[in-house]
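Structure first, commentary second.
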Amino acid sequence: MIKKVAILANGGDVSGFNAVIRAIVKTAEQNNVECYGFIEGYRGLLNNEYVKLDSYNTASGILHKGGSIIGSSTNSNVFNYKVEENGQVVYKDLSDKCVQNIKDDGFDCLFTLGGDGTQKSARDFSLKGINVIGVPKTIDNDVACTEITFGYNTAVSVATDALDRLHTTGETHHRIMVLEVMGRYAGWIALESAISGGADIALIPEIPYDINKAVEKINERIAKGKSFSIVVVAEGAAPKDGILAIENTRDNGKGVDNTKLGGAGQRVAKELEALTGLESRNTTLGYMQRGGTPTAFDRVLSTKYGAKAMELALEGKFGTLAVIKNGKLDSVSLEDVVGNNKVIGAVSGNTAESNIRKVTMDHDLVKTARDIGICLGD
């Protein structure tokens, strides 16, 4: 019998975190289950810091709020955690301490709200005997085995609004307006916002681009009397035979992505200005995509995910991820989500073993973009 559960939110914040938390809490209360939240994700689990959650106090009035009322942690791989000993930085597997915390606290199930790295650690905890159920979160929309993650729709909506505004400036001043959006290794935001925002060019990580193809598209528009163009660039887009635009690298140990991307949009803007003669301006949308009020779609999706996760717990279906499959709520094994990324403690995406969901060339969004004349750089 499930009597006491805990929630943690992990990874970059997204709109919808709180809606998921609220749905889990409300569904738990309908079934006489106590709900708690670990503060700051896996870091809170390690430090055993948690708060009681209920729909009349701590989890009240949060449906429309961005961020997470229980915080979130990034780059906190408790299977390879950064600690300082005798003035030296070392990395240790502290997962057993987390397991003991869960047992000592009497939690019957742990809900992990996060992306591929978060769910990889969730799978690893399930192998250590912890009852875990995941909920797929990321604005990049790249968690395997589900059709959509919560937070993604809001990010696309924010990007679309930005493109609407850039259109007027580009048209007024006869410029190329470049918008850099998030998307490290998957181009869902760039592709969908380009379609919804009327962009002329969309450069995504899955298609190494030829800048001359973008130039051809811009010159084609100029020849037809259009003296401006709109370009969307995913932060992980890279030229053919080129490399990612990396701002810097961090040292957070193995198992996490230590590269900080940045500069893809600016690089494209400079090249396009040099090759077309038109002034080019880049806008990097950045964290605007993560914050603020979730869309109605994300509020509903997040609520569906939260309620489904609690249902799975009540049914004893642990070691699973709540997903949308064929348009309907479902669940899959965390083993399927992890794919071939089986090594304990290895959580980083975009490796040969990881299983993140990328844009495929036969996807409807790709076909639609090509049908309406959006240049994808190939």
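Listing for the model above:
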quantity: Matching residues in the range 295-345 - criterion: being closer than 17 Å to residue 7 by Cα, hydroxyl-bearing (Ser, Thr, Tyr) and not in a strand (DSSP E or B); calculated: 302, 303, 305
quantity: Residue that is surrounded by fewer than 21 Cβ atoms within 10 Å (Cβ to Cβ) and within 19 Å of the chain's Cα centre (by Cα), where the choices are 325, 342; calculated: 325
quantity: Counted residues, the range 185-200 - those being assigned to a helix (DSSP H, G or I) and either within 10 Å of residue 359 (Cβ to Cβ) or not assigned by TED's automatic domain parsing to the domain that holds residue 166 (or both); calculated: 4
quantity: Strands (runs of 3 or more DSSP E) (entirely within the range 34-120) containing at least 3 residues that are closer than 25 Å to residue 346 by Cβ; calculated: 81-85, 88-92, 109-114
quantity: Residue among 206, 235, 180, 192 that is farther than 15 Å from residue 156 by Cα and of a type outside the set (Val, Ile, Thr); calculated: 206
quantity: Total residues in the range 85-113, condition farther than 24 Å from residue 124 by Cα and charged (D, E, K, R); calculated: 1
quantity: Flag for residue 27 being outside the structural domain of residue 249 (by TED's automatic domain parsing), touching a strand residue (DSSP E or B) at 6+ places or on another chain (Cβ under 7 Å) and of a type outside the set (Phe, Trp, Tyr); calculated: no
quantity: Exclusive hit being over 25 Å from residue 293 (Cβ atoms), touching an Asp or Glu at 6+ places or on another chain (Cβ under 6 Å) and part of a strand (DSSP E or B), set 233, 178; calculated: 233
quantity: Options 160, 168, 172; residue that is within 23 Å of residue 18 (Cβ to Cβ), in a helix (DSSP H, G or I), of a type in the set (Val, Ile, Thr) and not assigned by TED's automatic domain parsing to the domain that holds residue 25; calculated: 160
quantity: Residues located in the range 279-294, provided they are farther than 16 Å from residue 234 by Cβ and surrounded by fewer than 19 Cβ atoms within 10 Å (Cβ to Cβ); calculated: 279, 281, 291, 292, 293
quantity: Identity of the residue in the range 107-152, touching a helix residue (DSSP H, G or I) at 6+ places or on another chain (Cβ under 8 Å) and among the acidic types (Asp, Glu), that ends up farthest from residue 190 (Cα to Cα); calculated: 108
quantity: Residue match in the range 154-170 (condition: free of Cβ contacts under 8 Å to residues at least 40 places away in the same chain and closer than 20 Å to residue 311 by Cα); calculated: no
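Conditions (1) farther than 19 Å from residue 10 by Cα; (2) surrounded by fewer than 21 Cβ atoms within 10 Å (Cβ to Cβ); (3) among the charged types (D, E, K, R), marked per residue:
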position	(1), (2), (3)
111	no, no, no
120	no, no, yes
129	yes, yes, no
143	no, no, no
165	yes, yes, yes
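The values are calculated or read from the model by the stated rules, or taken from the named source; none is laboratory data. Nothing here was measured: the structure is a model prediction, and the numbers come from that model. No Cβ is skipped: glycine too gets one built from the backbone with ideal geometry, and neighbour counts run over all protein chains shown.
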